[in-house]
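Have a look at the structure below before the remarks.
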Amino acid sequence: MAGEAQNQAGAHTEVIEVPQAEHGVGFPPFDASTFASQLLWLAITFGLFYWIMKNVALPRIAGILEDRRDRIAGDLAEADRLKRDTDEAIAAYEQALAEARAKARGIAHDTREKLKAENDARREKAEAGIATKLSEAEARIASIKTEALAQVGEIATETSSALVEALIGKTPTKTDLNKAVKAAME
């Protein structure tokens, strides 16, 4: 313990010497005298690792690879099924869309025809009303014209009588005036 106290204090350093015989041997794996045992242990170790790989590790790896292969095949089959389902859904959607467009065209055509028929009926009704009003107006115009023409003779007679009286100063007879007005009107 006294030596330890000195080592801790740093005053004394102890040197360990290695015997000279150990230095001259060389690196043990390169020693020709140990080649046979090294080859034996190499064969035993290789055989042991080969057996472990063959019976333990490789079957597990093969099982993992088989599971992965099965999972990939299942995923591909599922993807193919989903693609078919998607294609069928798209086809059904396009079919429904085409049917809806055809139905919309039919509805639009029916609506146009219905509106055209209603407009034609309204137009015919309006034309009939206008024709009725036109015939009534023509009848009124004809009656007013007839009355006016009937009064034209009287007015012409009265006007002619007033003019002759103003020009000559003498009132003409009614028979003379009627003959003169009739002759002028024909």
Mind counting the residues in region 164-186 that are open to solvent by 100 Å² or more (accessible area, probe 1.4 Å) and either within 20 Å of residue 151 (Cβ to Cβ) or touching a strand residue (DSSP E or B) at 6+ places or on another chain (Cβ under 8 Å) (or both)?
5
Report whether or not residue 145 is open to solvent by 100 Å² or more (accessible area, probe 1.4 Å) and either hydrophobic (A, V, I, L, M, F, W, C) or at pLDDT below 95 (or both).
yes
Among all residue pairs at least 6 apart or on different chains, which show Cβ distances below 9 Å where the first residue, located in region 57-78, is open to solvent by 90 Å² or more (accessible area, probe 1.4 Å) and the second is assigned to a helix (DSSP H, G or I) and of a type in the set (Gly, Ala, Ser)?
none
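Name the residue, out of 86, 34, that is surrounded by 10 or more Cβ atoms within 10 Å (Cβ to Cβ) and modelled with pLDDT of 95 or more. Full working, then the answer.
Details: 34 fails: modelled with pLDDT of 95 or more.
Selected residue: 86, the only one of 86, 34 that is surrounded by 10 or more Cβ atoms within 10 Å (Cβ to Cβ) and modelled with pLDDT of 95 or more.
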Could you list, ordered by first residue, the pairs with Cβ atoms under 8 Å in which the first is in region 135-153 and closer than 22 Å to residue 183 by Cβ and the second is open to solvent by 100 Å² or more (accessible area, probe 1.4 Å) and in a helix (DSSP H, G or I), at least 6 apart or interchain?
152/185; 153/182; 153/185
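The values are calculated or read from the model by the stated rules, or taken from the named source; none is laboratory data. Predicted model, so just to flag it, every value in this text is computed and none were measured. Note that we place each Cβ from the backbone using ideal geometry, even for glycine, and neighbour counts take in every protein chain shown. The protein model used for the area step is the full one, side chains on, heavy atoms only, and it has no ligands, DNA or RNA in it. Shrake-Rupley method; radii C 1.70, N 1.55, O 1.52, S 1.80 Å.
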